Amino acid sequence: MIYTDMIMHTISPSSHGNIDVIELLKAVGINPTYQRLQIAQILLARPQHLSAEQVLTIVNSHGGAVSKATVYNTLGLFASRGLLREVIIDPNKVFYDSNVAPHHHFFNVDTGTLTDIDPAQVVVEKIPALPVGTTADGVDVIIRIRQSSD
């Protein structure tokens, strides 16, 4: 991601509440439309993991009138520009993570929640040989957990 260093500096956990969303969108080449601003203000307000459906519900519950297609298109655009990370749990469950720094996740299958894991806590010593003509773009570890029955 071309913009990752700038984004991580701009949206550090300590500054999440004070970001200038318009300037941030412009900095990564995104035209700051009203709908994009609404979505960015929700997602980039703090480190969090939200699905597209959750974003749609939140935006529209705050007086917005954003369509499902606009939310999906905007989330895809934000992810492609490095503002968000897509965390694909399975083909039907995708979260958008406002923490773009390298890290891993716990996914609680009972509650449907995603929680960050510091990358220093997961050691990947070896990955298989990559297919010819490819390079590694990252390693994402998702540890699926359940509530204990004790």
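Taking a sphere under 15 Å around the Cβ of residue 75 and counting the other residues whose Cβ falls inside, with K and R at +1 and D and E at -1, yields a net charge of +2. Largest GNM mean-square fluctuation among 82, 112, 64, using the chain with Cα springs under 10 Å: 112.
Can you give me the relative contact order of the chain as a percent, contacts being Cα pairs under 8 Å and 6 or more apart? Once normalised by length, the contact order is 20 percent. Quick note on the chain: its Rg to Rh ratio, both from C-alpha atoms and Rh being the Kirkwood radius, is 0.99. Shown here: the range 104-145, whose C-alpha atoms stretch 40, 20, 13 Å along the first, second and third principal axes, sorted largest to smallest. Annotation: peptides 134-140, 71-77, ranked by per-residue average of other Cβ atoms within 10 Å with the highest first, follow the order 71-77, 134-140.
Mean residue ellipticity, 222 nm, helices only, the chain: the sum of -39500 (n - 2.57) across DSSP H runs of n ≥ 4, divided by residue count and rounded to 500, is -9000 deg cm²/dmol. Sorted on the mean count of surrounding Cβ atoms within 10 Å across their residues, most packed first, peptides 46-53, 20-27 read 46-53, 20-27.
Summing Lys and Arg as +1 and Asp and Glu as -1 over all other residues whose Cβ lies under 9 Å from the Cβ of residue 99 gives a net charge of -1.
Read-outs throughout are calculated quantities, based only on the coordinates presented, and are distinct from any laboratory measurement. Bear in mind that the values here come from a model prediction, so they are computed numbers and not experimental data. Cβ: placed from backbone, ideal geometry, glycine included. Neighbour counts: every protein chain shown.
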